[in-house]
Amino acid sequence: MRIAGIAGSLRQGSFNRALLAATRELKPEHMTIEVLEIGDVPFFNADVEAQGTPEPVARLREAIAAADGLLIATPEYNASVPGVLKNAIDWLSRPPGKSVLVGKPTALVGASTGTLGTARAQAHLRAALEHNAAPVMPYPQVFVAQAPSRFDEQAKLTDEKTRAFIGKFLEAFSDWVRRNGPQAAGR
């Protein structure tokens with residue numbers, strides 16, 4: 001099972017990049033997670049789109065189209081989704097109704113320094129994805145709160161309870177992909 005992973009933070013020391021790295025360690029054996037970069041995706045602009053799809057956008061779309069599922073690790077900025085991640089979703093949502101998001105089984109995770117994890121950002125992201133007909137896994141949900149206490153200085157997830165939960169989450173995501181992917185609906 002091929003999963004495309006996106007971290008909604010560009011910062012190398014991001015807890016969400018570290019969380020995405022942890023999913024690669026904790027995934028079931030039958031799953032691979034390829035981390036895709038969104039830092040070179042230009043700002044969405046219909047004038048740019050009219051000139052043709054920018055190469056970084058085409059690469060991102062192709063990788064997600066080829067994947068069985070999509071896993072997004074989002075931080076929370078100002079009680080919402082980071083602009084860079086929302087921008088990538090805006091590009092991925094094109095063309096409307098026929099984008100790579102349509103029917104793509106998706107799951108969300110997030111880590112933050114606060115006590116709410118990334119619950120508000122994930123709610124906003126879930127709405128944008130569901131608007132684009134991406135089946136987003138409803139449960140379990142991963143909100144890693146107080147992230148500095150769960151990762152070490154090398155950005156490795158060390159909290160054993162969180163690691164165990166992520167493992168169970170990824171098993172549930174595997175089932176979600178099987179039940180909601182193109183093969184399940186004969187697409």
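The values are calculated or read from the model by the stated rules, or taken from the named source; none is laboratory data. This is a predicted model, so every value here is computed, not measured. Positions of Cβ are backbone-derived with ideal geometry, glycine not excepted, and every protein chain shown enters the neighbour counts. We work out accessible area using only protein heavy atoms, side chains counted, and drop any ligands, DNA or RNA first. Shrake-Rupley method; radii C 1.70, N 1.55, O 1.52, S 1.80 Å.
See the values below:
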quantity: Any hit, segment 102-118, residues being within 25 Å of PRO182 (Cβ to Cβ), open to solvent by less than 60 Å² (accessible area, probe 1.4 Å) and in contact with a Gly (Cβ under 6 Å, 6 or more places away or on another chain); calculated: yes
quantity: Within segment 1-101, helices (runs of 4 or more DSSP H) holding 1 or more residues that are of a type in the set (Ser, Thr, Tyr); calculated: 15-26
quantity: Hits in segment 102-133 - residues which are in a loop (DSSP other than H, G, I, E, B), farther than 23 Å from ARG11 by Cβ and over 12 Å from the mean Cα position of the chain (by Cα); calculated: VAL102, GLY103, ASN132, ALA133
quantity: Checking GLU34 against (1) free of Cβ contacts under 8 Å to residues at least 40 places away in the same chain; (2) farther than 18 Å from ALA111 by Cβ; (3) out of contact with any strand residue (DSSP E or B) (no Cβ under 9 Å at 6 or more places or on another chain), the condition it does not meet; calculated: (3)
quantity: Lone unmet requirement of (1) open to solvent by 80 Å² or more (accessible area, probe 1.4 Å); (2) assigned to a helix (DSSP H, G or I) for GLN154; calculated: (2)
quantity: Given (1) surrounded by fewer than 16 Cβ atoms within 10 Å (Cβ to Cβ); (2) in contact (Cβ under 8 Å) with a residue 60 or more places away in the chain; (3) not β-branched (Val, Ile, Thr), number of the condition ALA21 does not satisfy; calculated: (1)
quantity: Filtered residues of segment 157-179 (kept if part of a helix (DSSP H, G or I) and either more than 20 Å from LEU108 (Cβ to Cβ) or open to solvent by less than 50 Å² (accessible area, probe 1.4 Å) (or both)); calculated: GLU160, THR162, ARG163, ILE166, GLY167, PHE169, LEU170, ALA172, PHE173, SER174, TRP176, VAL177
quantity: Qualifying residue in segment 44-60 (condition: among the charged types (D, E, K, R) and either within 24 Å of PRO182 (Cα to Cα) or touching a residue at least 60 places away in the same chain (Cβ under 8 Å) (or both)); calculated: yes
quantity: Subset of segment 24-43 [surrounded by 14 or more Cβ atoms within 10 Å (Cβ to Cβ), touching a helix residue (DSSP H, G or I) at 6+ places or on another chain (Cβ under 6 Å) and among the charged types (D, E, K, R)]; calculated: LYS27
quantity: Odd one out for LEU60 among (1) on the phi < 0 side of the Ramachandran plot; (2) surrounded by fewer than 21 Cβ atoms within 10 Å (Cβ to Cβ); (3) out of contact with any Ser or Thr (no Cβ under 8 Å at 6 or more places or on another chain); calculated: (2)
quantity: Condition check for ALA88: open to solvent by less than 50 Å² (accessible area, probe 1.4 Å), of a type in the set (A, V, I, L, M, F, W, C) and touching a Lys or Arg at 6+ places or on another chain (Cβ under 6 Å); calculated: no
quantity: Residue list for segment 91-101, filter: of a type in the set (D, E, K, R) and either buried (at least 20 other Cβ atoms within 10 Å of the Cβ) or free of Cβ contacts under 8 Å to residues at least 24 places away in the same chain (or both); calculated: LYS98
